[in-house]
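Quick notes on the structure that follows.
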Amino acid sequence: MDGNGRWATQRGRLRLFGHHAGARRVREIVRACPDIGVKYLTIFAFSTENWKRTQTEVAGLMSLFRRYIMREAKALFEEGVRVRFIGDRIKLDEKLVRMMDDLELMTADNSKVHLTIALNYGGRDEVARATKRLAREVKAGKIDPESVDGETLARYLDTWLLPDPDLVIRTSGEARISNFLLWQSAYAEYEFIDTLWPDFTQDIFAQIVGNYAERDRRFGAVPA
Ligand code: FPP
């Protein structure tokens, strides 16, 4: 969800103004999923690198996440959205973590849309944490190291319950992956668009998903 800062600056406002506008788009895009046919949506809200921003911006974002959960929990539940969080919770504020846990629990029986929010998430960090857990099990004699393959490691990732992404969309004209779902996106289609996240509408979303549906995905095979 890139481009909030630039969107605000273009309007002569502080960066946080852009993040608030971005949060309103999250609401709109999640609501559009059932009609567009998107069952799993993962949004990158805060990366392991975003701590390098000013203290004011980081604190503002954390407070925005708390506010989003507080304000949206009921509607998400009623709309059948199952919410999950991925990323390392260890550095996050205790109160926010409690709210994340509660929202996961509250929506655990929903299945209309699976919304995953990546918070303090980094693909490399995730693989390192997964490897550490796996290594502990090997050390404890619970796993034979010779049996370890890609599927084994995938079971230790934060996304172990989720399918791999089919399509990754990055807004704001940057053509980078920036540590997002590195392992899981091995065969994903990418779409880089110039639109800044606060301008990303349901219509743009529907159009990109429609274009994706026409693509020919081979997963390394040759056409039949
Ligand atoms: C990147 O744009 C955006 C972020 C680091 C924050 C994303 C957060 C939101 C959209 C808030 C809502 C999220 C939830 C889950 C409620 P940027 O600030 O790097 O933009 P720039 O590249 O233009 O500076």
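Values in this text are rule-based calculations from the coordinates and carry no lab data. This one's a predicted model, so the numbers in the text were calculated from it and none came from an experiment. Cβ placement follows ideal geometry from the backbone for every residue including glycine, while neighbour counts extend to all protein chains displayed.
In table form, for the structure just shown:
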| read-out | value |
| --- | --- |
| Qualifying residue in the range 24-35 (condition: within 6 Å of the ligand (Cβ to nearest atom) and surrounded by 17 or more Cβ atoms within 10 Å (Cβ to Cβ)) | yes |
| Pairs, first under 27 Å from residue 112 (Cβ atoms) and in contact (Cβ under 8 Å) with a residue 40 or more places away in the chain in the range 12-32, second surrounded by 18 or more Cβ atoms within 10 Å (Cβ to Cβ) and of a type in the set (Ser, Thr, Tyr), C-beta under 9 Å, six or more apart | 23/68; 26/68; 27/68 |
| Subset tally (residues that are surrounded by 14 or more Cβ atoms within 10 Å (Cβ to Cβ) and touching a helix residue (DSSP H, G or I) at 6+ places or on another chain (Cβ under 7 Å)) for the range 153-165 | 4 |
| Condition check for residue 66: under 18 Å from the mean Cα position of the chain (by Cα), more than 12 Å from residue 117 (Cβ to Cβ), touching a residue at least 24 places away in the same chain (Cβ under 8 Å) and near the ligand (Cβ under 9 Å from one of its atoms) | no |
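Yes/no per residue for (1) surrounded by fewer than 11 Cβ atoms within 10 Å (Cβ to Cβ); (2) farther than 16 Å from residue 41 by Cβ:
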site: 168; (1), (2): no, no
site: 180; (1), (2): no, no
site: 194; (1), (2): yes, yes
site: 211; (1), (2): no, yes
site: 222; (1), (2): yes, yes
